[in-house]
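Following: one structure in structure tokens, then a few remarks.
The values are calculated or read from the model by the stated rules, or taken from the named source; none is laboratory data. Just so it is clear, the model here is predicted, and its values are computed rather than measured. Cβ atoms come from the backbone with ideal geometry, glycine included; neighbour counts cover every protein chain shown.
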């Protein structure tokens with residue numbers, strides 16, 4: 001469900017909203033304009049010494065049970081690099097020693113009945129040690145997979161699937 005269908009009342013005065021333009025709504029009573037901007041998110045491409053890619057299994061919706069890359073939303077006052085290091089630590093126990101920005105892709109993330117536009121930033125990351133990684137937080141499992149065994153269609157989120165396709169094409 002999109003914002004304009006879910007949020008019908010202004011958070012400032014309680015008045016009604018009308019569509020202002022394609023990415024904002026305007027309160028008919030006080031004129032407050034609410035912009036529906038994308039949330040920033042991160043994802044990591046982590047390879048071990050054999051060149052295998054760290055792949056996770058999602059423990060929660062959306063796309064529970066499908067493959068994913070470690071990552072998540074950027075918190076306020078946090079850079080993309082800080083966010084990816086935090087997310088990798090939370091989800092796998094790994095310590096990121098280097099995060100290099102690769103590219104970004106737009107995504108639509110379904111959460112609590114709401115369609116959230118996101119801008120997903122992808123990083124190539126190096127870890128201090130990749131031998132003792134474990135699934136935690138919203139990850140059900142994680143493991144390194146040889147690149148020739150990865151099927152992008154098994155990744156549940158559209159932007160992650162497209163990013164994995166792009167990553168594999170560059171590596172081949």
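Select from the stretch 98-131 the residues that are without any contact (Cβ under 8 Å) to a residue 40 or more places away in the chain and either closer than 21 Å to residue 83 by Cα or in contact with a strand residue (DSSP E or B) (Cβ under 9 Å, 6 or more places away or on another chain) (or both) and list them in ascending order. Correct list: 98, 100, 101, 104, 128, 129. Against the list (1) surrounded by fewer than 18 Cβ atoms within 10 Å (Cβ to Cβ); (2) on the phi < 0 side of the Ramachandran plot; (3) touching a helix residue (DSSP H, G or I) at 6+ places or on another chain (Cβ under 9 Å), the condition residue 15 fails is (3). Any residue at all in the stretch 92-100 that's modelled with pLDDT of 95 or more, crowded, with 18+ Cβ neighbours inside 10 Å and in a loop (DSSP other than H, G, I, E, B)? Yes.
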